[in-house]
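The values are calculated or read from the model by the stated rules, or taken from the named source; none is laboratory data. Note that the structure is a prediction, hence the values are computed from the model and not measured. Ideal geometry is used to build each Cβ from the backbone, glycine not excepted, and the neighbour counts take in all protein chains shown. Side chains included, ligands, DNA and RNA excluded: accessible areas come from the protein's heavy atoms. Shrake-Rupley method; radii C 1.70, N 1.55, O 1.52, S 1.80 Å.
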Amino acid sequence: MLKIAICDDEKVFRDNINKYVAAYLNEKEISYEIDTFSSGKEIIDLGIEIKQYNIIFLDINMDDVDGIVTAQKIREYSSEIYIVFVTAYINYSLEGYKVEAIRYLLKNNTNLEASISECMDAILHKMNFVVKKKKFKFNEGEKEINIDNILYIESKLHKLQFYIMEDKIKIYNLYGTLNELENELKDFHFIRIHQSYLTNLKYIRSVKCYKVLLCNNQELLIPKARYKNVKDAFISYKGEL
């Protein structure tokens, strides 16, 4: 899942960038979260939590803390975040080079949507980002899904329920066993947190008090016998990011 931040002190441009990036990722069937910020200070105040983002779209000309200073602070925490400057003026090339910005996008460009698509293509190429798809014969019909969009799978009375993040969380069903599916998905960062739950590590926010908290604020129970293994796997996965 991609984590993206958009920082611009003009709401109209925050909303437009959000709309274009979301449309691009929806078309590619890539799961994502987008957070928006109205000032560079809001980004800087995140501190070490800045590292959660893969991509940051950053307005250069902001009133309180400008985009160049904000980018310099971002680089104090991470050299791996892709910084995309969004500006009305294209005269910051040296400063952009210093903070390793991957693109400058012009706000007044009538082809801003196309520029964002090209920019995202370039970033995903550099990330070696691959959409991993698999076909399943659901009771609702055969469907090819992006593995990264599976939130979790629940076993209920010999039936498997797939909770899949599309425009909203949708449920698809098929007959089978969780043991078989666990083996099929072992290379895709899924963990068996419970006899009845196979969960995508990407969407676990926390593991505590014998529960996992998912990105949609849903909680799933972990039996005591599995708790240490689940917590260790979660910590290990977060350490790889």
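Here are the criteria: (1) closer than 19 Å to Leu220 by Cα; (2) of a type in the set (A, V, I, L, M, F, W, C); (3) part of a loop (DSSP other than H, G, I, E, B). Tell me which single one Phe188 does not satisfy.
Failed condition: (1).
So, Ile171, is that one assigned to a strand (DSSP E or B) and free of Cβ contacts under 8 Å to residues at least 12 places away in the same chain or not?
Values: assigned to a strand (DSSP E or B): yes; free of Cβ contacts under 8 Å to residues at least 12 places away in the same chain: yes.
Yes.
Checking Arg205 against (1) modelled with pLDDT of 90 or more; (2) open to solvent by 90 Å² or more (accessible area, probe 1.4 Å); (3) not in a strand (DSSP E or B), only one condition comes out false. Which one?
All conditions pass for Arg205, except number (3).
Return the total of residues in region 122-131 being surrounded by 12 or more Cβ atoms within 10 Å (Cβ to Cβ) and either in a helix (DSSP H, G or I) or free of Cβ contacts under 8 Å to residues at least 12 places away in the same chain (or both). Outline the logic, then answer.
Going through region 122-131, the residues surrounded by 12 or more Cβ atoms within 10 Å (Cβ to Cβ) turn out to be 122-124, 127, 129, 131.
After this cut, where a residue has to be either in a helix (DSSP H, G or I) or free of Cβ contacts under 8 Å to residues at least 12 places away in the same chain (or both) as well, the list is 122-124.
The number of residues fulfilling the criteria is 3.
Under 17 Å from the mean Cα position of the chain (by Cα) and surrounded by 13 or more Cβ atoms within 10 Å (Cβ to Cβ), is that true of Ile222?
Details: under 17 Å from the mean Cα position of the chain (by Cα): no; surrounded by 13 or more Cβ atoms within 10 Å (Cβ to Cβ): yes.
When the stated conditions are applied, Ile222 does not pass them.
Would you point out which residue out of Ile17, Ile43 is in a helix (DSSP H, G or I), farther than 30 Å from Ile145 by Cα and touching a Leu at 6+ places or on another chain (Cβ under 9 Å)? Steps first, answer last, please.
On the way: Ile17 fails: farther than 30 Å from Ile145 by Cα.
One residue alone meets the criteria, Ile43.
Based on this model, can you work out whether Lys168 counts as surrounded by fewer than 16 Cβ atoms within 10 Å (Cβ to Cβ), charged (D, E, K, R) and farther than 27 Å from Ala22 by Cβ?
Details: surrounded by fewer than 16 Cβ atoms within 10 Å (Cβ to Cβ): yes; charged (D, E, K, R): yes; farther than 27 Å from Ala22 by Cβ: no.
So Lys168 fails the test.
For Lys137, are the conditions met, namely being touching a residue at least 40 places away in the same chain (Cβ under 8 Å), more than 19 Å from Leu58 (Cα to Cα) and open to solvent by 40 Å² or more (accessible area, probe 1.4 Å)? Full working, then the answer.
On the way: touching a residue at least 40 places away in the same chain (Cβ under 8 Å): no; more than 19 Å from Leu58 (Cα to Cα): yes; open to solvent by 40 Å² or more (accessible area, probe 1.4 Å): yes.
In short, no.
Find the residue count for region 149-180, including only residues that are more than 22 Å from Glu29 (Cα to Cα) and touching a Leu at 6+ places or on another chain (Cβ under 6 Å). Walk me through it before giving the result.
First, the residues of region 149-180 that are more than 22 Å from Glu29 (Cα to Cα): 154-160, 175-180.
Still in the list and also touching a Leu at 6+ places or on another chain (Cβ under 6 Å): 155, 160, 176, 178.
Residues in region 149-180 being more than 22 Å from Glu29 (Cα to Cα) and touching a Leu at 6+ places or on another chain (Cβ under 6 Å): 4 in total.
Quick check on this structure: which one of Ser117, Ser155, Ser78 is touching a residue at least 40 places away in the same chain (Cβ under 8 Å), of a type in the set (Gly, Ala, Ser) and either touching a Ser or Thr at 6+ places or on another chain (Cβ under 6 Å) or open to solvent by less than 30 Å² (accessible area, probe 1.4 Å) (or both)? Don't jump to the end; show me each part of the working.
Numbers: Ser117 fails: either touching a Ser or Thr at 6+ places or on another chain (Cβ under 6 Å) or open to solvent by less than 30 Å² (accessible area, probe 1.4 Å) (or both); Ser78 fails: touching a residue at least 40 places away in the same chain (Cβ under 8 Å).
The conditions single out Ser155.
Go through (1) surrounded by fewer than 19 Cβ atoms within 10 Å (Cβ to Cβ); (2) touching a strand residue (DSSP E or B) at 6+ places or on another chain (Cβ under 7 Å); (3) not β-branched (Val, Ile, Thr) for Lys186 and report which single condition fails.
Of the numbered conditions (1) surrounded by fewer than 19 Cβ atoms within 10 Å (Cβ to Cβ); (2) touching a strand residue (DSSP E or B) at 6+ places or on another chain (Cβ under 7 Å); (3) not β-branched (Val, Ile, Thr), the odd one out for Lys186 is (2).
Which residues, taken from region 1-19, are open to solvent by 10 Å² or more (accessible area, probe 1.4 Å), in contact with a strand residue (DSSP E or B) (Cβ under 9 Å, 6 or more places away or on another chain) and not charged (D, E, K, R)?
Met1, Phe13, Asn18
Out of Phe234, Phe162, report the one residue that is open to solvent by less than 80 Å² (accessible area, probe 1.4 Å), out of contact with any Gly (no Cβ under 9 Å at 6 or more places or on another chain) and under 16 Å from Met1 (Cβ atoms). Explain how you work it out, then say what you get.
Values: Phe162 fails: under 16 Å from Met1 (Cβ atoms).
From the options Phe234, Phe162, the qualifying one is Phe234.
Looking at region 20-40 only, could you name the residues that are open to solvent by 40 Å² or more (accessible area, probe 1.4 Å), outside any helix (DSSP H, G or I) and over 19 Å from Gly67 (Cα atoms)? So that I can check it myself, show each step before the final result.
First, pick out the residues of region 20-40 that are open to solvent by 40 Å² or more (accessible area, probe 1.4 Å): 20, 23, 26-29, 32-33, 35-36, 38.
With outside any helix (DSSP H, G or I) added as a condition, the list becomes 29, 32-33, 35-36, 38.
Listed by number, the residues that qualify are Glu29, Tyr32, Glu33.
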